[in-house]
Structures are given as structure tokens and as C-alpha cells.
Amino acid sequence: MTVRADIFCKVIDNFGDLGVCWRLARQLHHEHAVDITLWVDDLHSFARMAPVLDPLRDEQWLDGIRVRWWHSGSAVSVPGDLVIEGFGCPLPHWYMQAMAAMPRQPVWLNLEYLSAEDWVESCHGLPSTHPLTGLTQYFWFPGFTPKTGGLLREADLLTRRDRFQADASLQSEFWSRIGVPDALSFESRSSLFAYETPTIAGWLQGLAEASGSALVLVPAGRALAEVVRWAGVEAPGPGDRIQRGQVTVVVLPFLSHDDYDLLLWACDVNVVRGEDSFVRAQWAGRPLLWHIYPQEDGAHWAKLEAFIGLVAPRVTMPAPWAEAMRAWNRGEAMPSFWAGVEADRPGFALPAWAWSDYLAAQTDLVTSVMRFYASQVE
């Protein structure tokens, strides 16, 4: 019997929440034949991620998934068998009323934000009773250990990655398709998808003064403002280039999920932010720097240290890596890290690959969700 699922998503932080929910919806549908309805409150943002989407339509199909605009006038007669609340966005009252009226309560999960902190393991899967409806909600924590909810990873992801990284012709075809046909002629390639930080200017200046040629790919987004300030130019558009010394910066258009994966796989180093790009960079098996979302109370520092502390005992990362992660988030330059990467690329790349292998040995998030669902309806 086909499982029906509703996923609710509010677009909050530059598509990160939506990116996770869209990947989740696609994997549930394509790998587990789940009949998905994805409720999104901002279809205009979604259309940037999926240009074929019509942001003016209340309901439409995209990649086999029903996409519905979530607004105050929305309504549903029969909720899904599985209900996923993306990152604590409260379900609308009308939907909870419909859930409470069902003869069998849906399996209701609150998909939480990713963290490597110790407490996540003890909180993952805990139930909570809604005070007004009596419905039970389960907290689902993505994570890096077998005692958490796992990470999003499509069944064929690593096979596709390995094939791409071993085939120069596939890489060349990709670079040409996104408008950078000369990418393989540079001695190093890095992607930059970060929040605003003065670290970007120091990094680019260091690359400009280095001995080897460097290519930096910047998808349209918040980091581009820092590039513009460093270069002293007017805001460039997709396809434009900025060349200073040994570094060439290329501005990329907004990439699809699949093309962003290819970009991460094709680069030597990836600077990423938030959650979605952070996880995808780990599957790339390349050295990464994580620009964690800054929180006013400084809570992000505990999350950053938890991740560093989780990696350290499992793979031997070069000494400059941990300090580079901290420095990037403090807004400081870290020349020793970049010099180390250039001097010993295998020394940085092999641990990143080993970390990806460690994560791949665990059950992925969607498989964990479906196993949990099955255990609740048996």
C-alpha cells in the first residue's frame, strides 16, 4: 500500500531549509515510492532552486512530487500517513485538526536542525504529546553517529561521485555546461558558498599573491558582496570573471541540486555554510571549511567545536584544519591552512575521503525515517 506523506517547509535562511526539505521529498518519492506533498510558504524562492516551477500556481507537480503553496487559506481534507514538520515550523491549526480527526494517527516527525553535540543522541526519537490535540510528535535529529537520524544520502550518490571524479571527460563536460570551460587548466579549484565575512578578502588576496593559478567559483549569494568589496568592482553577474594576480573568480548562476553536487565533487576545496551545503560537501570527499550560521548568543561555537571534536578521533585531519575552521568563523585569515593544502593536497584530501566513508557506513536519514514509520504502523 502506498504511503502518503506531507512535508511542511518555511523558507527562512536563504533556501537552506527548503534545500533540505526538497532533497528529502525527492528521495522519499524516488527511492521509497512515497506519495509526497511538499507544502512551501515561498514559491518564488523555490522557483530559483527549480526554475520550471511556476510560483503563481497554488498546486503543481515537480519531479513526481505535488508542490503546494502553504498560506493562510490552505486546506486539506485527508492528511498524509507520514507528516514531517521541517525544522520546527509549526503545523497550521487546520491541518492538526484534520490529523486529530483521522481514525489512525499519522506518524508525525519534527525534523530538527543538524548538530554533532552529544545531547542529540539522547533526544533523537523522543515523543512529545501536543497539549491541545493529544497527537504524538517525534523529534527527528539528523546526525553523524548511528544513534541519530542519519544524513540525507541518495542510494546511488557515492557511486555517481566516484564515477565523476575518476572521469576527466565528465568533469570537462560539466565545466563547459556551467560556463567555465577552462576550469581544468587552473592548478587549484575552490567553491565559495559562505556568509559575509572579511575572511573572504584575505583568502582571495592570498591566492592572488600565490605562485600557482587558482580558480574560485562563487554561486550567486551573500558571499559575492565580500568578493566585490575585495576586488573594488561593481556587482558582477553570472558568468562574469574577476582576475587579480594568480586568482580568477567566476560568478556562477544559481545551480540546481544536482549541479551543485557536481561542483563540490569537481573542486579541490569547498567553503560551505549552513546545513545543506555542509552535508553535501562531506559526501564530496574533499577538504571543506564550514561557515556555520552565526547565532547572537554564540551557540554556534559549541556546534562547531562539537563537529571538530567528532571528526578528530575518527580520521587524522592535518593540524591546520581545525584552527582554519575556527578562524574562518572568527573572520580571520588562515594562511597556514591554504599553504598546507597547496603543499600537500593528498594529506588534506585523504582524511576528507575517510570521513565520507565513515559516514557512508551508517544508515541514511530517509531509510531511517521509513524504518521508523514501518515500526509505528505495524
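What to note about this one:
- Any chance Asp118 is in contact (Cβ under 8 Å) with a residue 40 or more places away in the chain, exposed (fewer than 14 other Cβ atoms within 10 Å of the Cβ) and farther than 29 Å from Ala220 by Cβ: yes
- Selection from the range 208-266 of residues that are farther than 27 Å from Arg345 by Cβ and of a type in the set (D, E, K, R): Arg222, Arg229, Glu234, Asp240
- Taking the criterion of being at pLDDT 95 or above and surrounded by fewer than 12 Cβ atoms within 10 Å (Cβ to Cβ), the residues of the range 55-97 that qualify are Leu56, Arg57, Glu59, Trp61.
- Of the candidates Val40, Val67, Val76, Val34, the single residue that is touching a residue at least 24 places away in the same chain (Cβ under 8 Å), within 22 Å of Leu135 (Cβ to Cβ) and in contact with a Leu (Cβ under 9 Å, 6 or more places away or on another chain) is Val34.
- Count - residues of the range 144-185 that are assigned to a helix (DSSP H, G or I), acidic (Asp, Glu) and within 28 Å of Phe372 (Cα to Cα): 0
- Matching residues in the range 236-253 - criterion: being at negative phi and part of a loop (DSSP other than H, G, I, E, B): Pro236, Gly237, Pro238, Asp240, Gln246, Pro253
- Answer residue from the range 280-312, given it is among the small types (Gly, Ala, Ser) and in a loop (DSSP other than H, G, I, E, B) and is surrounded by the fewest Cβ atoms within 10 Å (Cβ to Cβ) among those: Gly298
- Checking the stated criteria, Ser176 turns out not to satisfy the condition of being exposed (fewer than 14 other Cβ atoms within 10 Å of the Cβ), at pLDDT below 90 and under 29 Å from Ala166 (Cα atoms).
- Every listed requirement among (1) in contact with a helix residue (DSSP H, G or I) (Cβ under 6 Å, 6 or more places away or on another chain); (2) modelled with pLDDT under 95 is met by Pro198 save one, (1).
- When the range 206-235 is filtered for residues that are in contact with a strand residue (DSSP E or B) (Cβ under 8 Å, 6 or more places away or on another chain), under 17 Å from Val341 (Cβ atoms) and part of a helix (DSSP H, G or I), the ones remaining, listed by number, are Leu207, Ala208.
- Residue within the range 44-51 that is over 16 Å from Trp70 (Cβ atoms), crowded, with 23+ Cβ neighbours inside 10 Å, touching a residue at least 24 places away in the same chain (Cβ under 8 Å) and of a type outside the set (Ser, Thr, Tyr) present: no
- Test for Pro103: is it over 24 Å from Leu262 (Cα atoms) and either surrounded by 13 or more Cβ atoms within 10 Å (Cβ to Cβ) or in contact with a strand residue (DSSP E or B) (Cβ under 6 Å, 6 or more places away or on another chain) (or both): no
- Close pairs from the range 205-234: first among the polar types (S, T, N, Q), partner assigned to a loop (DSSP other than H, G, I, E, B), Cβ under 7 Å, at least 6 apart: Ser213/Phe186; Ser213/Glu187; Ser213/Gln246
- The range 27-54 - residue that is in contact with a helix residue (DSSP H, G or I) (Cβ under 8 Å, 6 or more places away or on another chain), part of a helix (DSSP H, G or I) and modelled with pLDDT under 95 and, of those, farthest from Asp258 (Cα to Cα): Ser45
The values are calculated or read from the model by the stated rules, or taken from the named source; none is laboratory data. Bear in mind the structure is a predicted one, so any value in this text is a computation, not a measurement. For neighbour counting, all protein chains shown are included, and Cβ atoms are generated from backbone atoms with ideal geometry for every residue, glycine included.
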